[in-house]
Amino acid sequence: MKSPDPKWWKEQRILVTGADGFIGSRVLGLLGDLGLGRPGNIRQYSLPDGDLRSASDARWAVRGSDVVLHLAADVGGAGYSEKHAADQYRNCSAIDLAVLEAAREAGATRVVILSCAAAYPASAASPRVESAMFDGPPSDSQLGYGLAKRNGLSLAMLYTRQYGISMSGVVAGQAYGPGDHFDDTAQIVASTIRQCSSAAGALDVAGDGSAVHDFVYVDDVVRGVLLAAEHLAPGTFANVGSGVETSERTLVELIVELTGYKGSVTFIGKKSTDGSRQSLDISKASRELGYEPQTALRDGLEKTIEWHRRNVRM
């Protein structure tokens, strides 16, 4: 896998939105670990700093930035997305509109916006290729979030076309890893680790376990975002994932093994027919960015479980 170029990053004034979030915090960590940027040239912006749905707050956040890594969003697991479809669509859309317009006004030279696999049509063949993004509606269970994250990609493309500003998108698989959210909004990896680590004697998993995802370790996503900022053509987007299909049943069984969980496991619900295969084709990212995932699922889960044991009080 190609590494981010320290020389390129040290010449930039960098803004990371959603900096206190799961992926945003790891972006800041990797920038620091790799010696990227210069002291004082990496700005972070998160919810305590203001509301990025507001045009004035977005302008304040973006001011003076060359590179904007736009990661802020209203996020949650599938259950959260299904219950808050309108909220997620409204919030994510408002954030993206305000931040990208602020970046244009401020004269930012490079913007990367983070999207996700939920943006793809439910009917798209798996592994999903970038050319299929607009061929149908996203999964009904993640409709609001999926549409908003797709619109973010469209917005970047249109800003590039009309204004000539260099905006690109990264479509990430289902990210997991240390620092993930283990609360009630957690996605399946964090949710299952939390339940297997609790004193409860039964693990109930929604669905029949047949749904397939692209589970990608968070640091691989972060490297993909940084490489996209350096190399991805303006007005385009690329998938960043593990490139591996993993069923929810396989995932749960692996977490049970690695946590030493001894309770019962029950899959509750019917087989999903709505976007139940969501792996990503990462050949474009490999070809154009030099991206290759570095962390296998077992290794990534071991790191995540260990982080959870050390940092999350049950």
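The values are calculated or read from the model by the stated rules, or taken from the named source; none is laboratory data. Quantities reported herein were computed from a predicted structural model and do not represent experimental measurements. Please note: Cβ atoms are built from the backbone with ideal geometry, for glycine as well, and neighbour counts cover all protein chains shown.
Testing residue 120 on (1) of a type in the set (Phe, Trp, Tyr); (2) within 24 Å of residue 243 (Cα to Cα); (3) at pLDDT below 95, one condition comes back false. Which one is that?
Here residue 120 meets the rest and fails (3).
Could you please give the count of residues in the stretch 105-143 that are part of a loop (DSSP other than H, G, I, E, B) and either surrounded by 19 or more Cβ atoms within 10 Å (Cβ to Cβ) or not charged (D, E, K, R) (or both)?
Number of matching residues: 18.
Please go through the stretch 1-33 and give me each residue that is assigned to a loop (DSSP other than H, G, I, E, B) and under 21 Å from the mean Cα position of the chain (by Cα), ordered by number.
Once the filter is applied, which keeps residues that are assigned to a loop (DSSP other than H, G, I, E, B) and under 21 Å from the mean Cα position of the chain (by Cα), the stretch 1-33 yields 1, 2, 3, 4, 18, 19, 20, 21.
Mind telling me which of the residues 93, 65, 54 ends up being more than 21 Å from the chain's Cα centre (by Cα), among the polar types (S, T, N, Q), within 26 Å of residue 181 (Cα to Cα) and modelled with pLDDT of 95 or more?
Going through 93, 65, 54 in turn, just one is more than 21 Å from the chain's Cα centre (by Cα), among the polar types (S, T, N, Q), within 26 Å of residue 181 (Cα to Cα) and modelled with pLDDT of 95 or more: 54.
May I ask you to verify whether residue 59 is part of a helix (DSSP H, G or I) and at pLDDT 95 or above?
In short, yes.
Quick one: how many residues across the stretch 68-79 are farther than 9 Å from residue 148 by Cβ and surrounded by 21 or more Cβ atoms within 10 Å (Cβ to Cβ)?
7
Report, by residue number, each residue of the stretch 34-51 that is part of a loop (DSSP other than H, G, I, E, B), exposed (fewer than 14 other Cβ atoms within 10 Å of the Cβ) and touching a residue at least 12 places away in the same chain (Cβ under 8 Å).
35, 38
Would you call residue 125 of a type outside the set (Lys, Arg) and in contact with a helix residue (DSSP H, G or I) (Cβ under 6 Å, 6 or more places away or on another chain)?
no
In the list 65, 54, 93, which residue meets the criterion of being under 21 Å from residue 142 (Cβ atoms) and either surrounded by 19 or more Cβ atoms within 10 Å (Cβ to Cβ) or of a type in the set (Gly, Ala, Ser) (or both)?
Selected residue: 93, the only one of 65, 54, 93 that is under 21 Å from residue 142 (Cβ atoms) and either surrounded by 19 or more Cβ atoms within 10 Å (Cβ to Cβ) or of a type in the set (Gly, Ala, Ser) (or both).
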